[in-house]
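The values are calculated or read from the model by the stated rules, or taken from the named source; none is laboratory data. All of these numbers come straight from a predicted model, not from anything done at the bench. Cβ sites come from the backbone with ideal geometry, for glycine too, and all protein chains shown count toward neighbours.
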Amino acid sequence: MKPPLSPPTGHSHGLTRAPKAMYVYEWPVRVWHWVTTLAIFVLAVTGYLIAKPLHSVGGEASDSWVNGWIRTIHFVAAYGLSVAFLMRVLWIPFGNAHSREIFWVPLWKAAYWKELLQEVRWYGLVKKAPAKYVGHNPLARFSMLFMFVLGTLFLIFTGFGLYSEGTAAGSWQRALFGWTSSFAGSSMTLRTWHHLAMYYVLAFSVIHMYLVLREDIMGRTSMASTMVSGWRLFRDEGTDIDDAEEPAIRRGIEAEVRAEEAKEPVPSPAAQGKG
Ligand code: HEM
Ligand code: HEM
């Protein structure tokens, strides 16, 4: 059953009415998201155990090979994370406008900072009503770029730097990442940086999960289910969709709204039982 339509209440960006659902995250982005989530979870647990190994067990070492397995699982997950990251980057030119949102932010636009501040106020329980975004909100974009994308790249570079210490001279790991050890000063420093970067990306992950669930409950749009189905559902018909930074997104929303309105005219206040 269709939700009741509300009359136009004034609007931003020339919209008269928000659509009820929009397709936002294409399947490659969704598959990448969940593969990455799993990989980071496995990498954090095994990484912690590499740094703080379990107590040694009795008997012949090769019979149990506990730390060997922990390292092997770390490396399998590391390859998974890195290949998924590469595929995600390669998807940028093929994906929709939302697929580019976490790789750049319009830091030079005053409007962007204003909207980011609004989000900080909303999450800080200062602002009473949340804004409504089709893709990511400005604060999410900021943290996804500076904490997730750059943090994960750092982990991949330092991780393969460490890994290349055990690969043959002339291997691609050495050729591409061997320099990181001398750049850091020593292998131990590189390891420490790799370790610290884990906490940086984990901080993002924990805050991200909390905010996704909080927004799912308190916000005006669907959240967790959007990363499963790809569809963003709008709970109310307010008109202030704020994804204004990307003209392509804006044109898409406007086209959807016009199509909706052509199908179903907005009822007058009288027709809504006010007369
Ligand atoms: C989210 C991603 C990752 C996390 C959270 C993570 C975490 C960690 C941690 C905490 C350590 C232990 C450092 C220490 O001893 O203080 C470690 C070690 C290591 N990691 Fe990662 N890592 C990640 C990605 C990677 C990647 C992409 C590679 C690439 C192959 C990698 C390769 C290694 C290697 C080679 C070691 C050293 C293992 C050893 O010396 O036994 N890591 N990692
Ligand atoms: C290690 C854990 C996680 C990491 C590193 C992570 C990372 C990310 C990143 C980078 C994006 C941006 C996707 C893009 O536009 O390409 C994203 C979006 C999203 N993630 Fe996660 N995620 C994690 C766990 C989760 C979990 C457990 C959930 C569900 C409860 C979740 C729900 C979402 C949702 C709903 C979005 C879209 C948010 C929006 O539209 O603004 N994530 N995540």
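Scanning segment 32-67 for residues that are surrounded by fewer than 14 Cβ atoms within 10 Å (Cβ to Cβ) and over 28 Å from Thr189 (Cα atoms) yields a total of 9.
Can you tell me which residue among Thr158, Thr152 is over 18 Å from the mean Cα position of the chain (by Cα) and either closer than 21 Å to Phe183 by Cα or modelled with pLDDT of 95 or more (or both)?
Thr158
For Thr152, state whether it is part of a helix (DSSP H, G or I), surrounded by 13 or more Cβ atoms within 10 Å (Cβ to Cβ) and within 11 Å of ligand 1 (Cβ to nearest atom). Here the answer is yes, as Thr152 does meet what is asked. Among the residues of segment 207-227, those that are near ligand 2 (Cβ under 8 Å from one of its atoms), assigned to a helix (DSSP H, G or I) and of a type in the set (A, V, I, L, M, F, W, C) comprise Met209, Val212, Leu213, Met227. In this structure, does Leu139 turn out to be assigned to a loop (DSSP other than H, G, I, E, B) and at pLDDT 90 or above? Taking the combined requirement at face value, the residue does not satisfy it. Residues that are within 16 Å of ligand 2 (Cβ to nearest atom) number at least 3 in the following helices (runs of 4 or more DSSP H) confined to segment 37-127: 66-91, 110-123.
Restricting attention to segment 128-167 and to residues that are within 16 Å of ligand 2 (Cβ to nearest atom) and among the aromatic types (Phe, Trp, Tyr), the residue that is farthest from Ala84 (Cα to Cα) turns out to be Tyr133. Counting just the residues of segment 161-170 that are farther than 13 Å from His194 by Cα and within 12 Å of ligand 1 (Cβ to nearest atom), which one comes out nearest to the chain's Cα centre (by Cα)? Residue satisfying both the conditions and the ranking: Ser164. Cβ separations smaller than 8 Å between residues 6+ apart or across chains give no pair from segment 29-55 residues that are outside the structural domain of His208 (by TED's automatic domain parsing) to residues that are more than 11 Å from ligand 2 (Cβ to nearest atom).
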